[in-house]
Amino acid sequence: MGYCILLVDDSATTRGLIKRTIQLAGLPVSEFLEAGHGKDALEQLRTHTVDLILADLHMPEMNGIELAQAVLANPAT
């Protein structure tokens with residue numbers, strides 16, 4: 001059984017590079033979820049349980065700091 005990792009970045013290329021790096025490192029991952037900004041990430045968190053969130057700080061709609069604050073403020077996440 002592996003980890004579920006949520007990658008949050010407005011650059012699809014960056015998300016792909018991070019995903020590939022994690023795979024090459026041999027981390028046991030069962031699922032990668034992706035989001036283009038914080039609001040998309042919160043949508044993913046409504047329907048998925050994740051073990052790790054890797055988020056960019058500078059994104060449109062909702063940045064990484066705002067996302068972290070929203071996740072910490074919600075007891076379900």
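Taking the chain as a Gaussian network, where each spring joins two C-alpha atoms under 10 Å apart, which residue of Leu42, Leu24, Leu67 fluctuates the most?
Leu24
Which value, in debye to the nearest 20, gives the size of the charge dipole of the chain about its Cα centre, when Lys and Arg are +1 and Asp and Glu are -1 at the Cβ?
200
At Arg20 and Asp51, where each label point lies 7 Å from the Cα along Cα→Cβ, what is the point-to-point distance in nanometres?
2.3
So I have (i) 11.7, 36; (ii) 12.2, 39; (iii) 12.0, 34, and one of them is Rg and Dmax of the Cα atoms in Å calculated from this model. Which one is it?
(iii)
State in Å² the accessible area per residue of region 1-57; use a 1.4 Å probe, count heavy atoms of protein chains only, and round to the nearest integer.
Details: 3510 Å² over 57 residues.
Per residue, region 1-57 has an accessible area of 61 Å².
Return the carbon/sulfur percentage of the accessible area of the chain, one whole number, probe 1.4 Å, all protein chains in place.
Values: 2680 of 4940 Å².
The computed percentage sits at 54.
Provide the net charge surrounding Thr77, with neighbours chosen by a C-beta distance below 15 Å and charges set as Lys +1, Arg +1, Asp -1, Glu -1.
Neighbour charge sum, excluding Thr77 itself: -2.
The values are calculated or read from the model by the stated rules, or taken from the named source; none is laboratory data. Just so we're clear, the structure is a prediction, and the values are computed from it rather than from any experiment. Methodologically, a virtual Cβ is constructed for each residue, glycine included, from the backbone with ideal geometry; neighbour enumeration extends over all protein chains shown. Accessible surface areas use protein heavy atoms only, side chains included; no ligands, DNA or RNA. Shrake-Rupley method; radii C 1.70, N 1.55, O 1.52, S 1.80 Å.
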